[in-house]
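Participant: One structure follows; several queries about it will come next.
The values are calculated or read from the model by the stated rules, or taken from the named source; none is laboratory data. On a predicted model such as this, the values are computed, not experimentally measured, just so you know. Cβ sites come from the backbone with ideal geometry, for glycine too, and all protein chains shown count toward neighbours. For the accessible areas, the whole protein counts, side chains as well, though only heavy atoms, and no ligand, DNA or RNA atoms are used. Shrake-Rupley method; radii C 1.70, N 1.55, O 1.52, S 1.80 Å.
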Amino acid sequence: MKGTTMFDLITASTDLALSIAPASVPDVTPDTSSPFALAGLRLVAIILGICFIAALLALAGVFTILGFKGFGNSTLLDKAGSSVVYVVGALIGLGSLTGIAGFFIGFKIF
């Protein structure tokens, strides 16, 4: 294997995986014909949207605390600094879950 680079190994493994993969993938769609399924999905989408807005407000509060240097309280400043990571993580998770729920109830953005 003299002269083999990492790119060659990745390309070879990708080609092998594509040659083993099935030729056709069946079209699978969720069955939301029951009234409870659509109502449940709408309820989940509403709850996730409300949680997303609450997380945005929490992020604004954290940045306000950081901007005003913890209002003179060093403990509050430390807590706000570490909360930015958790709030941004919550926003990413809630945003993706809200998008998935919106997709299933037929919400069109464009």
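Participant: Are there any pairs, at least 6 apart or on different chains, whose C-beta atoms fall under 8 Å, with the first in segment 54-73 and closer than 27 Å to Thr98 by Cβ and the second open to solvent by 80 Å² or more (accessible area, probe 1.4 Å) and hydrophobic (A, V, I, L, M, F, W, C), and if so, which?
Facilitator: Matching pairs, first to second residue: Ile65/Phe71.
Participant: Also, I was wondering about something else. If you check every pair at least six apart or on different chains, which have Cβ atoms under 7 Å apart with a residue in segment 88-103 that is closer than 21 Å to Thr29 by Cβ and in contact (Cβ under 8 Å) with a residue 24 or more places away in the chain first and a residue that is open to solvent by 40 Å² or more (accessible area, probe 1.4 Å) and aliphatic (A, V, I, L, M) second?
Facilitator: Ala101/Leu41; Ala101/Val44
Participant: Within segment 66-79, is there a residue that is open to solvent by less than 50 Å² (accessible area, probe 1.4 Å), of a type in the set (A, V, I, L, M) and in a helix (DSSP H, G or I)?
Facilitator: Going through segment 66-79, the residues open to solvent by less than 50 Å² (accessible area, probe 1.4 Å) turn out to be 70.
The next check asks that each one be of a type in the set (A, V, I, L, M); those that pass are none.
The answer is no; no qualifying residue exists.
Participant: Out of all the residues in segment 52-92, which are in contact with a helix residue (DSSP H, G or I) (Cβ under 9 Å, 6 or more places away or on another chain) and under 18 Å from Arg42 (Cα atoms)?
Facilitator: Phe52
Participant: Among the residues of segment 31-53, is any touching a Leu at 6+ places or on another chain (Cβ under 8 Å), in a helix (DSSP H, G or I) and without any contact (Cβ under 8 Å) to a residue 40 or more places away in the chain?
Facilitator: From segment 31-53, those touching a Leu at 6+ places or on another chain (Cβ under 8 Å) are 32, 48, 51-52; that's our starting set.
With in a helix (DSSP H, G or I) added as a condition, the list becomes 48, 51-52.
From what's left, without any contact (Cβ under 8 Å) to a residue 40 or more places away in the chain: none.
Within segment 31-53, none of the residues are touching a Leu at 6+ places or on another chain (Cβ under 8 Å), in a helix (DSSP H, G or I) and without any contact (Cβ under 8 Å) to a residue 40 or more places away in the chain.
Participant: Now for a separate question. In segment 80-110, how many residues are surrounded by 11 or more Cβ atoms within 10 Å (Cβ to Cβ) and assigned to a loop (DSSP other than H, G, I, E, B)?
Facilitator: Selection size over segment 80-110: 2.
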